[in-house]
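*Asks:* Pasting a structure here, questions to come.
The values are calculated or read from the model by the stated rules, or taken from the named source; none is laboratory data. Please read these numbers as outputs of a predicted model, since none were measured by experiment. Here the Cβ positions follow ideal geometry from the backbone for every residue, glycine too, while neighbour counts run over all protein chains shown.
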């Protein structure tokens with residue numbers, strides 16, 4: 001390369017530095033292609049100059065030897081050189097990990113029939129019950145896994161099963177949020193994340209959990225349903241997981257059933273002056289307020305509170321449910337005192353916060369009732385609810401339902417990332433709402 005070509009090359013290098021400082025990384029490949037064309041033109045001009053008369057000089061013999069660079073390494077070296085001269089940071093191969101989080105790289109799933117899948121075990125199988133909240137941020141979309149067991153002989157009756165050897169079997173709670181990042185409340189004897197791909201993935205995670213030995217309210221088990229003893233429910237099936245008590249259970253249930261189930265909590269018995277919207281009674285006299293959730297799935301997790309916990313089907317045939325439940329107990333008398341104190345403390349109007357979680361712009365959150373957190377909220381007349389969008393996508397908070405459309409009571413319009421919307425509820429009643437952009441996202445506000 002003669003002196004003129006060297007000067008041209010230096011100008012090209014400095015031009016590349018200026019271009020790379022001001023353009024998006026996605027254009028770097030185009031820039032390099034343009035420079036390659038320019039270099040080709042330089043070589044062509046050199047050839048033309050070689051054809052003209054000139055004074056020849058003896059060739060310079062180099063005493064150094066080197067291996068020729070490939071076009072790929074030349075491009076990489078060129079980009080690195082320009083970045084260095086321009087004072088630009090070198091490209092990182094992985095994104096930085098959040099403070100307080102951990103990182104795992106997946107491996108081949110050791111489960112039989114899952115050899116073409118990838119698995120990253122976060123909490124290894126234990127005879128105790130894990131329960132808590134998993135926050136995750138993966139390099140690709142992942143599925144969430146909780147295991148329950150090992151099962152006893154004959155307990156695998158149609159629910160999803162995971163086994164490493166065909167002998168030791170675990171019931172499988174398998175949730176696909178269709179997202180690479182989010183949050184999941186779980187209970188089980190093991191916790192993992194999974195993909196159906198053959199290539200490894202990386203997951204950053206933070207898990208806040210308790211590991212608790214088995215007890216009356218911390219249980220892993222498998223049950224078969226029986227005829228629902230409730231009046232008017234004789235053609236349904238029911239399995240009681242936590243029996244009716246004057247104490248209040250609060251906790252997390254993760255389940256794996258042989259068919260789609262509904263989730264039930266009871267509150268009560270209620271007083272004669274109470275008129276709940278939904279009730280359950282075994283005899284027509286003892287009345288419980290009924291919370292009845294139909295997630296339309298056979299696997300999932302549910303955060304609950306009540307004086308009893310059960311799962312239910314509307315079929316006459318028996319179903320099998322494997323589950324892990326971790327609950328705390330609040331004595332009824334203490335709860336009454338707390339309730340009276342709370343009523344005194346909250347006499348003035350209050351502001352309640354509901355979050356729009358990350359990752360809800362794709363379907364999946366409806367399977368765990370987590371499209372809004374909390375999905376159902378109870379307040380007093382005069383209180384305000386403030387919705388905070390912590391997702392990166394825009395949403396709406398619109399009164400009404402996907403089936404019937406907006407009711408016109410309130411509407412946030414487009415709620416951008418990190419934006420908030422507040423509405424004060426002056427009148428008692430039940431207010432359903434949804435996201436008009438993502439209609440699987442629904443929630444409700446109950447106003448006393």
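*Asks:* Across the range 358-384, what is the number of residues that are surrounded by fewer than 18 Cβ atoms within 10 Å (Cβ to Cβ) and part of a loop (DSSP other than H, G, I, E, B)?
*Replies:* Matching residues across the range 358-384 total 6.
*Asks:* Would you mind listing the strands (runs of 3 or more DSSP E) fully within the range 96-163 where at least 3 residues are touching a strand residue (DSSP E or B) at 6+ places or on another chain (Cβ under 8 Å), farther than 16 Å from residue 200 by Cβ and in contact (Cβ under 8 Å) with a residue 40 or more places away in the chain?
*Replies:* On the way: elements: 102-105, 118-123, 129-148.
In the range 96-163, the matching strands (runs of 3 or more DSSP E) lie at 129-148.
*Asks:* Here is a check on your reading of the model: is residue 425 surrounded by 15 or more Cβ atoms within 10 Å (Cβ to Cβ), within 30 Å of residue 142 (Cα to Cα) and modelled with pLDDT under 95?
*Replies:* On the way: surrounded by 15 or more Cβ atoms within 10 Å (Cβ to Cβ): yes; within 30 Å of residue 142 (Cα to Cα): no; modelled with pLDDT under 95: yes.
So residue 425 fails the test.
*Asks:* If residue 194 satisfies every condition in (1) modelled with pLDDT under 95; (2) assigned to a strand (DSSP E or B); (3) farther than 27 Å from residue 314 by Cα but one, which is the exception?
*Replies:* (1)
*Asks:* Something else about it: Among the residues of the range 294-327, what is the count of those that are surrounded by 17 or more Cβ atoms within 10 Å (Cβ to Cβ) and either without any contact (Cβ under 8 Å) to a residue 40 or more places away in the chain or not in a strand (DSSP E or B) (or both)?
*Replies:* Number satisfying all stated conditions: 2.
*Asks:* Give all pairs with beta carbons closer than 8 Å in which a residue from the range 414-435 that is not assigned by TED's automatic domain parsing to the domain that holds residue 370 meets a residue that is surrounded by 11 or more Cβ atoms within 10 Å (Cβ to Cβ); count only pairs at least 6 apart in sequence or on separate chains.
*Replies:* Here the result reads none, with nothing in the range 414-435 linked to a residue that is surrounded by 11 or more Cβ atoms within 10 Å (Cβ to Cβ).
*Asks:* Another one. Looking at 234, 199, 285, which one is in the same structural domain as residue 143 (by TED's automatic domain parsing), over 25 Å from residue 171 (Cα atoms) and not in a strand (DSSP E or B)?
*Replies:* Working: 234 fails: in the same structural domain as residue 143 (by TED's automatic domain parsing); 285 fails: in the same structural domain as residue 143 (by TED's automatic domain parsing).
Answer to the selection: 199.
*Asks:* Right, here's the next one. Considering 387, 440, which residue is touching a helix residue (DSSP H, G or I) at 6+ places or on another chain (Cβ under 8 Å) and either surrounded by fewer than 16 Cβ atoms within 10 Å (Cβ to Cβ) or not assigned by TED's automatic domain parsing to the domain that holds residue 136 (or both)? Even if it seems obvious, please write down each step before you answer.
*Replies:* Working: 387 fails: touching a helix residue (DSSP H, G or I) at 6+ places or on another chain (Cβ under 8 Å).
On inspection, the qualifying residue turns out to be 440.
*Asks:* Which count do you get for residues in the range 411-423 that are farther than 16 Å from residue 353 by Cα and either assigned to a strand (DSSP E or B) or touching a helix residue (DSSP H, G or I) at 6+ places or on another chain (Cβ under 8 Å) (or both)?
*Replies:* 1
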